[in-house]
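Worksheet: one structure, shown below.
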């Protein structure tokens with residue numbers, strides 16, 4: 001026979017003296033970003049992550065950057081961090097279809113469309 005709170009109550013919490021940042025989180029996020037990069041390369045051969053001012057873009061292109069993160073907590077500790085990226089599809093042809101392929105990604109949301117210097121820009125938010 002079992003005494004105590006069981007499944008209905010709170011269970012003993014596991015405490016670690018290691019801070020959350022000491023884990024291999026940075027390696028994990030880098031691997032995830034590279035995985036996203038490879039997915040975007042399937043849509044367009046010219047993919048750029050946070051390109052600097054000295055980079056000349058070749059169009060059509062996909063430019064993406066990290067914008068924010070969603071952190072989930074349990075027992076006042078972060079246990080899941082999902083990065084959000086801003087992805088911009090840039091093309092001279094408004095009907096190229098690159099924006100439609102990005103829209104099919106899970107948790108992708110089309111934010112806006114604009115034209116600048118004769119180039120069509122479709123901007124998406126994506127948690128990945």
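Details
- Residue 14 at pLDDT below 95 and surrounded by 10 or more Cβ atoms within 10 Å (Cβ to Cβ): no
- Hey, residue 115 closer than 20 Å to residue 59 by Cβ and loosely packed, with under 15 Cβ neighbours inside 10 Å or not: yes
- Enumeration of residues in segment 85-103 that are loosely packed, with under 15 Cβ neighbours inside 10 Å and in contact (Cβ under 8 Å) with a residue 24 or more places away in the chain: 92, 93, 94
- Selection count where residues are within 14 Å of the chain's Cα centre (by Cα) and either surrounded by 12 or more Cβ atoms within 10 Å (Cβ to Cβ) or farther than 20 Å from residue 125 by Cβ (or both), scope segment 49-61: 1
The values are calculated or read from the model by the stated rules, or taken from the named source; none is laboratory data. Quick caveat: nothing in here was measured; it's all calculated off a predicted structure. Quick reminder, even Gly has a Cβ in these numbers, built from the backbone with ideal geometry, and neighbours come from all protein chains shown.
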